[in-house]
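The values are calculated or read from the model by the stated rules, or taken from the named source; none is laboratory data. Quick caveat, the model's predicted, so the values are computed rather than measured. Glycine gets a Cβ as well: all are built from the backbone with ideal geometry, and neighbour counts include every protein chain shown. Calculation scope for accessible area: heavy atoms of the full protein, side chains included, ligands and nucleic acids excluded. Shrake-Rupley method; radii C 1.70, N 1.55, O 1.52, S 1.80 Å.
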Amino acid sequence: MWLFEKGQGQPRLLKQRQGLAETPSKIRFYGGRDDPVMQGARNIIACAQDGSLRDINLLNEFASLDFSRKNFQGFKHKENQLDFGRVTDFDFCEFREQDWQNLVSAHEKRDEPLMWSAANHQISKVAVKKEAALAQQRVISVGVSQCGNFGVLGYENGQIQKFNLQSGNDRGLFRDPEGQAVHSKEVTGVGVDQLNHYLVSCSLDSSLKLWDFVTMKLTQTVALPSPVLQLTLNRRNELVAIASNDLSVSIFNSKRQLKKVREFPRVCENRVTDLCFSQPDSKYLLCSSLDKSIRVLDILTGCLVDWIQFQRAPLSIDFALSGEFLATSHVGSKAVYLWSNKAFFQNLVIEKEATTPFQIELPRLSLVDEQFKVSHKDYYSSPKQEEGALEQEEMPKNLIQRKLESVESQALRVSEQKQLGDGAHKFVQLSDQPYSKWQSLFNLEQIKERNKPKLPKHELPKTPFFLFDLDKVMAGEKTTMQDLLGKDSFFNDASQ
C-alpha cells in the first residue's frame, strides 16, 4: 500500500505484507522468554533458499519483517554482491539483542559469515575478522554462546574459530595437543553449553569432539562409524543428538565426557534433515527426514512414540520453549506450519509403539485450483498420446461453478430433510451458543427448584385517588373521604 502525499511527486510505502520468496530451509523460535503466556512462541526466524532472513511474528502478521541489507558494506566491491546464496546455518542469542548484533549466519556464496541485529532487523556494519590462513575458506556451521558475547565458526577445511560478537575480533583457533587441525574434513555442527565450559563439534571425518571453551584445548574424541550430518545441543540437560550418514541417530551426554546415552539405528529411510528436543521437559527427540515423515523418539525407553507422514518432506522442525507448538517447513512450500502439542493440553498415555505412519495433510490457504491437476506438456510422449490425454482429462472448474454446485447441494440437502417429516432432525439440534450458556441445561431442574419463591405472591392494596391527611394517619385516627371534605377544606373555601 502506497501513500500519495500532497506536494510530493513520488509515493511512499505505507504498509506491506509479504512472505518468503523461497522455501524455508531452517526455522527457529525466537523471543517470548519474558512473556508468561506466549513463552518462547512469539516469533520465528526463518531463512530461505535465496539467502533472506525473516522474523515471523505469530501474534500480528503486520509485525513480521525481513532483515534489511542496507548497511552491508561489501556492495562497493565488484566481487561482493548482495546475492549471498543459500543460508547453510544460523544461530542467535536473545540476551544481548539490545546491545549489539546477536545473530550469525553462514551463506553458500560467501566465505565470510554475516552478523545481524534481531532488535533492529538489519545487517551489522561490523565484519568478522578472520586469520590469513582462513581467508579463502568458507564457513559451514556457526554457533553463539548463551551469554551472547562469543561466536563459533566451523570451516570447510576442519578449523574452528572463536570470535567476539561485539567487535568481530578473532579470539583464536581450537587446536589439538599436537597442534593439528580440529577435523580433517568440513565441520557440520558446533554447539556451546549454557555456562561456556565446553564446545562440541562434529565433522564429515566421522568424529565427535569435546573442547574446553576457555582454553580451546581438546578433552575428548569419539570415533563414529559414519560421517555426521547434523548436531543439536540441548542446553537444558546437556544432551547432544547427532544424525549420521548411515541413517542412525545417537544421543551423547556432554557432562560425562560424551558418553553414549541412546542409539537409534536406521531411524528413517532417507537422509535426516533436522533434529530437535521436546520442550520444556526434553523427554522426546524429534527427527525429520526426506522420507516425508517426522518421528518422535522416547529418550528414556528408546521407543518410537509417534510417527507422522506428510505429502511433502519436512526440511526443518523446532519446538517452542513453552512446549505448546511445533513449527515445520516442507519441500516445495513457502509457508511455515504450526502444530499444537497434545501432551501440552492433556495427559496422554502411550499404550504401544508406533508401527505405521499417521497420514496428515498440510493445510492450504485456498482450495482454488489446488485439488485439480493442471495439464502440462509432456516432452517424453508422442503428440497423439498427448492429445488423447488432454481429451480424457477434465478441465478445472472455475470458482463460480463450484460455488453454484455447493449451493445446489445444500438446497437439495434441506429439501430432503423437509421430506422426512417427523424425523430425527426435529429432536436433535446443534447449538451455536457458547459453552457457558448451554452448560446450565444439565442442572435445569435444580435451578428451577432453587429459584422458586419462598412466600406466596400477594397483591398490594390499591392507592386511592385522593390521598389521606398524613398527620391524622400518623396519629392513628380513622380518616375517610368525608373528613377530607370538611368545612376547612380547600373545596369548601373555593365554593364560597
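Can you figure out the FRET efficiency of A21 with E269, using R₀ = 22 Å and their beta-carbon distance, to the nearest 0.05? Efficiency for this residue pair is about 0.10. Can you bin segment 158-223 into rounded, prolate or oblate? Criterion: square roots of the alpha carbon gyration tensor eigenvalues sorted a ≥ b ≥ c, rounded for a/c under 1.5, prolate for a/b above b/c, oblate for the rest. Verdict is prolate for segment 158-223. Across segment 93-178, the relative contact order, built from alpha-carbon pairs under 8 Å that are at least six residues apart, equals 25 percent.
Ranking of E361, E351 by solvent-accessible surface, largest first: E351, E361 (1.4 Å probe, protein heavy atoms only, all chains present).
Rounded to the nearest 0.05, what FRET efficiency do V349 and N253 give with R0 = 30 Å and r taken as the Cβ-Cβ distance? Could you check? My answer for the efficiency is 0.60. Using the Cβ-Cβ distance between C303 and Q10 with R0 set to 51 Å, the FRET efficiency from 1/(1 + (r/R0)^6) comes to roughly 0.20. Of W211, W307, W2, the order by accessible heavy-atom surface (1.4 Å probe, DNA, RNA and ligands excluded), from most exposed downward, is W2, W307, W211.
Would you mind checking K109/K217; K15/K292; K217/K260 for any pair whose Cα atoms are more than 25 angstrom apart?
Violating the 25 Å limit, Cα to Cα: K109/K217; K15/K292.
Roughly what percent of Cα-Cα pairs across segment 57-195 reach past 23 Å? Beyond 23 Å sits 34 percent of the P(r) for segment 57-195.
Segment N245..F358, full-extension length gain: 38.1 nm, with 0.36 nm per residue of separation and the alpha-carbon distance subtracted.
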